[in-house]
Structure formats: C-alpha cells, structure tokens
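K.L.:
Have a look at this one before I ask anything.
The values are calculated or read from the model by the stated rules, or taken from the named source; none is laboratory data. This is a predicted model, so every value here is computed, not measured. Glycine gets a Cβ as well: all are built from the backbone with ideal geometry, and neighbour counts include every protein chain shown.
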Amino acid sequence: MVSKRHETRQKRPVNRETFIEPWPEAGLIAVGSPADPEPSLCIESGMVTEMDGRLVADFDLIDHFVAQRGIDLAVAESAMATPSRDIARMLVDINVTRDQVLSVTRGCTAAKLVDIVSEMTVLEMMMGLTKMRARRTPANQAHVTNRKEHPALLAADAAEAALRGFREIETTVGVSRYAPLNALAILVGSQVGNGGVLTQCSVEEATNLRLGFRGLTTYSETLSVYGTERAFVDGDDTPWSKAFLASAYASRGVKTRFTSGTGSEALMGHANGQSMLYLEARCLLVTRGAGSQGTQNGSISCIALPESLPEGVRAVLAENLIAMMLGLEVASGNDALASHSEMRKSAKLMLQFIPGTDFITSGYGSIPRYDNMFGGGNFDTTELDDWYVIQRDMRVDGGIHPIRDEEVLQARQRGARAIQAIFDAFDFAEISDAEVDAAVTAFSSEDVPDRDRIADIRAARMLLDGPITIVEVIRTLAQAGFTDLAVNLLEMQRQRVIGDYLQTSGIFAADAPGNYRVISALTDANDYRGPGTGYLVDGRRWKQLQALPQAWDPQQFVRDLDCDTCDPWLQEIGPAAEGSRAEVVVAIGPAFGIGIQHALSGLDLRDVLDAMLQGIADEGLPARIIRVHATSDCAFIGHAGAQLSGSGVAIGIQSKGTTVIHQRDLAPLENLELFSMAPNLDLQSYTQIGRNAARYAQHKPTTPAPVRIDNTARLRLIVQTTLLHRRETEMVEPDRRPTELRRLGV
C-alpha cells in the first residue's frame with residue numbers, strides 16, 4: 001500500500017535528482033572523510049618539513065608548491081597554533097577587521113582552513129562572506145553564447161547584458177574555430193553604452209592567450225587547477241605551468257582568475273579517498289601561490305555531484321569562504337544547473353546572493369538556457385525579473401538592475417549594427433539587415449537565420465592569424481559612425497597597458513563613454529565591521545534597483561477610480577426604514593457606485609447589483625437597496641442590512657465585490673454564506689447569491705452557493721484590494737445612518 005500523498009511527492013522536481021550515501025574511498029564525500037588529514041605544520045630553517053601529517057619526503061607536487069608559495073611562513077606557526085574555533089569566531093566578530101583575519105589565514109594549511117570552516121554554521125559562513133569579500137561592491141558576470149554562433153545575436157546579447165549591469169561577459173564556442181569571431185562579437189557588443197565591461201572567450205588556453213594578445217579579450221578564467229597530483233597531470237598541467245600561464249596573461253594586461261570546484265577530483269577518478277572540501281582547499285592554496293588575483297569556484301560544472309551528498313551545498317559555501325580567507329576574488333559558482341527544484345536552486349543561490357560575493361554568479365545565463373553552451377546555467381534570461389524583484393524585496397545588490405524594453409531594443413540594435421559594420425569593412429561573410437533585425441528582437445538563436453559556417457570559420461581564421469587586430473576594429477567603428485564604441489574599445493586597450501584593473505577583484509565603473517574607474521580590493525576595499533558599515537545599498541543605486549518596469553503608481557490607480565463624467569445610476573431617496581414584509585435588503589458599501597465603479601474582478605458594479613436583484617426576483621421576492629455609511633467592513637454592512645430587512649435576511653457587499661448573506665439574529669461576524677474571494681465571482685455567482693438570499697428569507701431549504709478557491713488571487717490582487725478598501729474606508733461616515741436608494745436607468 002502506498003499513500004496518494006507519497007505518490008504525489010514522488011513526482012516533485014526535486015525527486016528527479018540523485019541522492020547517495022557517502023562513499024569516502026571513492027571521494028564521494030563532501031566533508032569529513034576519514035582520509036582527510038589533521039592540521040599540522042613543521043618549519044625548520046625557513047623550510048616546511050612536514051605539512052598536514054605528511055613528511056617532506058612524501059610530498060606530492062601540490063604539497064611542494066603550496067609549501068613553497070601558498071603559505072605565508074612568516075605567520076604560519078602562529079596561525080597554526082591558534083585554535084580553529086577562535087579563528088572561526090574572528091570571521092563573524094564585527095570587531096575584527098578583514099585584514100586582521102587575513103593576517104592569520106594566510107598562514108594556514110589546507111587542513112587548517114577546512115578545520116576552521118567546519119566550526120561554522122551556514123549562517124556564520126554567510127556572515128564571513130559579508131566581511132571577507134575582497135571588493136566592497138558586489139558585481140555579476142553573464143554568459144552570452146548561442147547554438148548558431150551567430151555574430152549579430154552575440155553582439156546584441158552582449159549589449160543587453162552590459163546595459164543590465166553585468167561587469168563581465170563570458171562566451172564560449174561549439175566549434176572551437178569560431179572563437180575569434182565570438183570573442184569579437186561580445187567585445188564589441190559589451191561596449192555599447194558607457195562600456196568598461198570585461199570579456200572573455202572560454203576556449204583551450206593556447207587559443208585563449210592568442211585572443212588576449214590580439215586584444216579580443218580582457219580577462220580569462222580558463223586556468224583550471226586540481227587538488228590531487230594525478231588529476232592535475234590528467235589536466236595536462238602542473239601548479240608551476242599554471243603560474244607561468246597566469247604571468248603570460250598578466251604581461252599582456254589580461255586579468256586572470258583560476259577555476260576549481262568541489263567534486264572535480266572525484267569526477268576524474270583521482271580523489272585519493274579525501275573529501276571534496278579538503279581537496280578544494282588545496283586548489284585554493286595553489287591558486288594563491290600561483291599569483292592569481294582570484295578564483296571561479298563553487299563546484300562550477302559538477303555541482304550535481306556534491307549536491308547528491310549530505311552537506312554538499314554547505315561545502316560549496318565553505319569553499320567560497322576559504323577563497324576569501326586567502327584574499328582571493330571570488331566568482332561564486334552559480335553557472336551550472338544546480339537542481340530541478342526551483343526551491344532548492346534558489347536556496348543555494350541565497351548563500352551567495354544575500355552576503356554578496358565579488359561576482360554573485362560566475363556566469364548568469366543572460367541568454368535562454370537552450371542557447372547556453374556552458375551547460376544550461378542555473379539562471380537564464382527568463383528569470384531576470386525574479387532576480388530584480390528579490391533584490392528589491394531584500395534591499396540586496398545582486399549585481400544587475402532592471403531596465404525598460406525600449407532601452408534594451410536600442411542597445412541590441414546598436415550592438416548588432418556595429419558588428420555588421422565590422423564584417424562589412426573586413427570583407428567577412430555579410431551580416432544582412434534581416435539578420436540584424438532578427439537578432440534585435442530574438443528570444444533565442446532559433447529566431448535568427450542560419451549562416452554560412454564555412455565562410456565564418458574562414459573569417460575567424462583571418463582574424464586570429466592575419467594582420468587584423470583590435471586597432472583595425474577601433475578604426476573601423478570610428479569610420480562607420482560608432483564613435484562611442486570606438487572610444488570605449490580604445491580606452492579598454494589603454495587600461496590594459498596601465499594594468500590597474502589586474503588588482504585583486506578589479507572591475508571598471510564607467511560614468512560615461514571612455515571614462516573608466518577601477519574598482520578593486522585596493523580602491524574599494526571591503527570595510528565591513530557590522531551594522532552601518534561595509535557596502536550599503538542606498539542613494540542612486542537603491543533607486544535603480546527599485547525601478548521595476550512593471551511597478552505601477554498606486555496613487556495613479558486611486559486617481560483613475562474618480563469618475564467625474566460617469567452618469568449617476570443610484571439615487572438616494574431618504575433614510576432607510578425597517579421593513580415590514582418578506583424581502584431581501586441589498587446593503588452596499590459607502591463607495592459603491594460613486595467612489596468605486598468596478599469590483600476587484602473588473603465587473604461593472606451596475607451589472608453586479610442587477611445580477612443580485614435578478615436572482616432575488618427569480619425567487620419571487622422584492623428587494624430594497626440601502627447604503628451603509630458607517631462602516632466599510634463587509635460583515636457589518638451585511639449585519640446592518642439584516643437589521644432593516646423585513647425578513648431579517650440581507651446581502652452585504654463591499655465595493656470591491658466581497659459579499660455576504662446575513663441574518664438578523666446572527667452576530668456580526670457570523671453569517672449564512674460568505675463569498676470572500678471577490679476576484680472569483682462572476683455575474684452568475686451574484687445571481688445565485690441573490691437566489692439563495694431570497695430562499696433563506698422564505699425559509700426554504702437552501703444549498704450554499706459553490707465557492708471557487710484560487711490561492712493565487714491574493715498574490716495577484718492584494719494591492720488593488722488594499723487600495724479599493726482604502727477608498728471605501730475614506731468614504732465612511734461613522735455617525736450617519738443607512739439611506740435607501742433607487743436604481744436609475746432600468
């Protein structure tokens with residue numbers, strides 16, 4: 001036997017996922033493997049001779065690299081001697097500065113770092129993120145890709161992403177030879193408007209370096225590191241080669257960020273029986289030791305693996321915190337689909353969204369999930385409005401802001417036209433006007449024409465191997481009338497020569513085309529010390545986050561209720577007297593038909609009243625209409641009507657449409673029938689209410705009218721309900737007795 005509730009729950013999205021019990025020997029354990037070492041460190045004559053339970057003779061290449069470059073030996077002995085719980089408390093103590101924490105944590109081994117975060121709850125780790133984020137101001141990064149590798153669509157999407165406030169834009173390719181064109185398209189599109197957006201094309205590292213050297217990219221996070229030697233070797237690298245690559249990028253003014261993430265070693269079959277979190281701590285020490293300013297981490301592409309295990313999401317949060325404890329910029333992993341469950345997906349996001357990281361996502365899918373060549377993405381363009389509303393709900397800066405569709409279309413048009421001009425000038429395969437028009441309004445790549453892929457690959461090869469560089473692109477844009485884009489691209493190249501944005505957590509704030517300011521851990525250091533300190537969402541930024549295009553003015557709604565030109569349809573004929581015959585009184589609220597003309601459902605109140613009167617007449621009874629002036633409460637309106645009804649039965653109705661059938665001998669908050677969900681009432685409902693009231697008045701057996709329940713009505717209409725009731729309440733005259741009315745025009 002199986003309960004139907006159990007069967008229903010089994011169909012929930014969360015149960016489409018895989019959940020397993022830990023298997024430490026296979027590396028399938030998020031935290032606390034029996035094979036994880038205890039923290040330890042021995043230093044003799046300035047050299048590490050033992051670390052985390054392993055003697056120097058037994059060090060692997062990661063141990064050697066970390067011992068030589070990843071740990072500050074000047075503070076290591078003191079740091080390792082400090083109880084882990086004390087350091088954990090420093091992380092949440094508002095009286096301890098970020099710099100004071102860093103002065104300790106930079107001397108910690110991987111096992112010590114794990115031991116520290118193991119003392120902390122998820123809430124405490126979130127508090128740690130708030131303090132330890134390198135840059136005071138949070139930002140966000142976008143994915144811009146499409147299945148057709150269409151240049152006009154890429155440029156339009158990049159322009160839109162920049163307009164929404166993403167400070168970095170990342171693309172990749174389905175066919176590797178497209179990389180130069182894709183890099184060019186998002187670079188050009190990203191500089192529409194004020195510019196200053198950093199871009200990268202995620203491809204094989206040799207190609208990535210060449211793209212950077214030719215000025216087609218401005219940052220890179222393709223440098224993957226691993227927590228075991230075998231995984232590193234299988235990744236065709238060593239910590240030293242990664243450090244060399246980072247230096248090569250920096251020498252050309254390209255910002256670099258390493259990439260690692262919980263579960264990668266287990267996925268590759270080389271976890272050595274150790275926990276995902278411990279191995280990630282080793283990755284982060286390699287990252288720091290190699291001189292990278294930051295990391296993309298948080299189980300980037302294999303998030304489903306740690307999420308299959310107990311504490312998997314907690315481990316992901318812990319690795320973000322450990323990276324910050326090492327002074328690294330953090331682009332927190334929210335770029336791969338984490339769950340089928342919207343609840344679970346959002347719960348994971350909130351761990352980074354609320355406290356803030358340098359980049360809330362390492363790639364928000366600013367394009368549809370269908371077009372996301374990075375593996376789907378945790379959030380996509382259809383969820384932007386949700387993101388904006390959550391920012392507004394919490395007064396939290398998630399790194400982007402709402403904009404109006406007309407602005408979006410203008411930016412997309414500008415980006416697509418610019419890349420069209422470049423293709424024309426360089427004699428690449430034509431981008432037609434029809435392609436541009438399609439790209440401007442497209443939802444996905446299914447909405448744009450196919451292109452000659454062979455011709456585009458030929459153009460990509462010319463761009464990578466030929467004489468064309470970013471200088472020719474800038475000159476072409478200037479000659480084609482895209483002066484602002486040319487200025488922005490030129491300034492981006494100038495900033496690469498200056499190199500200031502290579503500072504930890506460096507991004508640009510652009511106040512006007514070509515007017516860039518570096519915001520980094522040096523120029524915008526995180527100074528959180530408790531309430532009233534650190535990054536606060538206020539001033540212009542708070543106004544920007546509040547400005548939802550779909551938000552409407554409640555005062556205008558109230559003004560629209562006024563109907564000076566409406567013909568009167570209810571005439572007051574004097575004080576209402578107590579009836580002496582079998583009848584039904586219809587008691588209406590103070591604003592009914594004068595201050596308010598339509599119910600919450602949108603029905604004209606004339607039609608509503610007529611429907612009730614028709615229902616009463618159908619049962620052979622007369623009706624009287626009275627207006628109750630002293631209250632706006634539906635129950636008390638109905639109760640007042642029942643006191644004046646000859647039969648003792650009345651219908652009470654508020655101007656927003658909420659209705660009750662009342663009886664004289666019942667207490668005000670009792671009733672015969674209540675119809676509280678006004679949006680679900682149609683004219684047939686009001687007719688049936690009239691019939692039932694008349695049957696009660698004649699003491700006939702009466703079946704209560706059916707009530708339709710819609711649990712979403714309150715979500716949709718609670719503001720309108722509030723405003724309509726406010727108008728009704730404004731028209732209350734507490735000392736005025738009910739008056740009798742006549743329906744005009746029938």
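K.L.:
For the subset of segment 502-515 comprising residues that are over 24 Å from the mean Cα position of the chain (by Cα) and modelled with pLDDT under 95, which member is surrounded by the fewest Cβ atoms within 10 Å (Cβ to Cβ)?
P.N.:
511
K.L.:
For segment 401-423, how many residues are under 12 Å from residue 441 (Cβ atoms) and either touching a residue at least 40 places away in the same chain (Cβ under 8 Å) or outside any helix (DSSP H, G or I) (or both)?
P.N.:
Going through segment 401-423 one residue at a time, the tally reaches 5.
K.L.:
Another question about this same structure. What's the total number of residues in segment 52-99 that are assigned to a loop (DSSP other than H, G, I, E, B), in contact (Cβ under 8 Å) with a residue 60 or more places away in the chain and surrounded by fewer than 16 Cβ atoms within 10 Å (Cβ to Cβ)?
P.N.:
So the answer is 3.
K.L.:
Still on this structure, please answer the following. When you look at residue 633, is it of a type in the set (Asp, Glu) and under 30 Å from residue 551 (Cα atoms), yes or no?
P.N.:
So residue 633 fits the description; yes.
K.L.:
Here are some conditions: (1) touching a strand residue (DSSP E or B) at 6+ places or on another chain (Cβ under 9 Å); (2) not in a helix (DSSP H, G or I); (3) not hydrophobic (A, V, I, L, M, F, W, C). Residue 339 meets all but one. Which one does it not meet?
P.N.:
Of everything listed in (1) touching a strand residue (DSSP E or B) at 6+ places or on another chain (Cβ under 9 Å); (2) not in a helix (DSSP H, G or I); (3) not hydrophobic (A, V, I, L, M, F, W, C), residue 339 misses just condition (1).
K.L.:
Take residue 517 and decide whether it is basic (Lys, Arg) and over 17 Å from residue 164 (Cα atoms).
P.N.:
Against the criterion (basic (Lys, Arg) and over 17 Å from residue 164 (Cα atoms)), residue 517 qualifies.
K.L.:
Could you please let me know if residue 141 is touching an Asp or Glu at 6+ places or on another chain (Cβ under 7 Å), buried (at least 23 other Cβ atoms within 10 Å of the Cβ) and touching a residue at least 24 places away in the same chain (Cβ under 8 Å)?
P.N.:
It is true that residue 141 is touching an Asp or Glu at 6+ places or on another chain (Cβ under 7 Å), buried (at least 23 other Cβ atoms within 10 Å of the Cβ) and touching a residue at least 24 places away in the same chain (Cβ under 8 Å).
K.L.:
Here are some residues: 464, 477. Which one is modelled with pLDDT of 95 or more, part of a helix (DSSP H, G or I), of a type outside the set (D, E, K, R) and within 30 Å of residue 431 (Cα to Cα)?
P.N.:
477
Condition check ((1) under 21 Å from residue 629 (Cβ atoms); (2) buried (at least 17 other Cβ atoms within 10 Å of the Cβ)) across all residues:
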site	(1), (2)
531	no, no
551	no, no
563	yes, no
570	yes, yes
589	yes, yes
594	yes, yes
601	no, yes
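K.L.:
Quick check: anything in segment 359-366 among the hydrophobic types (A, V, I, L, M, F, W, C) and either assigned by TED's automatic domain parsing to the domain that holds residue 521 or outside any helix (DSSP H, G or I) (or both)?
P.N.:
Scanning segment 359-366, I find at least one residue that is among the hydrophobic types (A, V, I, L, M, F, W, C) and either assigned by TED's automatic domain parsing to the domain that holds residue 521 or outside any helix (DSSP H, G or I) (or both), so the answer is yes.
K.L.:
How about segment 507-562: which of its residues are among the aromatic types (Phe, Trp, Tyr) and within 30 Å of residue 478 (Cβ to Cβ)?
P.N.:
Those that are among the aromatic types (Phe, Trp, Tyr) and within 30 Å of residue 478 (Cβ to Cβ): 508, 516.
K.L.:
Of all residues being without any contact (Cβ under 8 Å) to a residue 60 or more places away in the chain and farther than 21 Å from residue 685 by Cβ in segment 634-645, which is surrounded by the most Cβ atoms within 10 Å (Cβ to Cβ)? Just the residue, please.
P.N.:
Among them, the one singled out is 639.
K.L.:
Can you tell me how many residues within segment 298-343 are surrounded by 24 or more Cβ atoms within 10 Å (Cβ to Cβ), of a type in the set (S, T, N, Q) and touching a residue at least 40 places away in the same chain (Cβ under 8 Å)?
P.N.:
2
K.L.:
Among 687, 631, which is out of contact with any strand residue (DSSP E or B) (no Cβ under 7 Å at 6 or more places or on another chain) and either in a helix (DSSP H, G or I) or not polar (S, T, N, Q) (or both)?
P.N.:
Just a single option satisfies the conditions, and that option is 687.
K.L.:
Does residue 260 count as closer than 25 Å to residue 53 by Cα and of a type outside the set (Asp, Glu)?
P.N.:
So residue 260 passes the test.
K.L.:
I'd like to check something: does segment 606-624 contain any residue that is modelled with pLDDT of 95 or more, surrounded by 19 or more Cβ atoms within 10 Å (Cβ to Cβ), in the same structural domain as residue 721 (by TED's automatic domain parsing) and within 14 Å of residue 740 (Cα to Cα)?
P.N.:
Scanning segment 606-624, I find at least one residue that is modelled with pLDDT of 95 or more, surrounded by 19 or more Cβ atoms within 10 Å (Cβ to Cβ), in the same structural domain as residue 721 (by TED's automatic domain parsing) and within 14 Å of residue 740 (Cα to Cα), so the answer is yes.
K.L.:
Find the residue count for segment 34-43, including only residues that are in a loop (DSSP other than H, G, I, E, B) and crowded, with 22+ Cβ neighbours inside 10 Å.
P.N.:
Selection size over segment 34-43: 1.
K.L.:
Here's something else I'd like to know. Residue 451 versus (1) touching a residue at least 24 places away in the same chain (Cβ under 8 Å); (2) surrounded by 15 or more Cβ atoms within 10 Å (Cβ to Cβ); (3) not in a loop (DSSP other than H, G, I, E, B): which is the lone unmet condition?
P.N.:
(3)
K.L.:
For the structure I just gave you, tell me whether residue 107 is in a loop (DSSP other than H, G, I, E, B), touching a helix residue (DSSP H, G or I) at 6+ places or on another chain (Cβ under 8 Å) and not basic (Lys, Arg).
P.N.:
yes
K.L.:
Look through 655, 676 and report the one residue that is within 20 Å of residue 741 (Cα to Cα), assigned by TED's automatic domain parsing to the domain that holds residue 578 and hydroxyl-bearing (Ser, Thr, Tyr).
P.N.:
Being within 20 Å of residue 741 (Cα to Cα), assigned by TED's automatic domain parsing to the domain that holds residue 578 and hydroxyl-bearing (Ser, Thr, Tyr) holds for just one of 655, 676, which is 655.
K.L.:
Kindly state which helices (runs of 4 or more DSSP H) lie completely within segment 159-238 and contain at least 3 residues that are surrounded by fewer than 22 Cβ atoms within 10 Å (Cβ to Cβ).
P.N.:
205-213, 229-234
K.L.:
Could you say which residue among 147, 136 is farther than 23 Å from residue 356 by Cβ, surrounded by fewer than 23 Cβ atoms within 10 Å (Cβ to Cβ) and either among the aliphatic types (A, V, I, L, M) or touching a residue at least 24 places away in the same chain (Cβ under 8 Å) (or both)?
P.N.:
Answer to the check: 147.
K.L.:
Looking at segment 692-724 only, could you name the residues that are more than 18 Å from residue 651 (Cα to Cα), in contact (Cβ under 8 Å) with a residue 60 or more places away in the chain and surrounded by 13 or more Cβ atoms within 10 Å (Cβ to Cβ)?
P.N.:
If the condition is that a residue be more than 18 Å from residue 651 (Cα to Cα), in contact (Cβ under 8 Å) with a residue 60 or more places away in the chain and surrounded by 13 or more Cβ atoms within 10 Å (Cβ to Cβ), then 717, 720, 721, 723, 724 are the ones that fit.
K.L.:
Suppose we filter segment 646-671 for residues that are farther than 20 Å from residue 608 by Cα and either free of Cβ contacts under 8 Å to residues at least 24 places away in the same chain or part of a loop (DSSP other than H, G, I, E, B) (or both); how many remain?
P.N.:
So the answer is 11.
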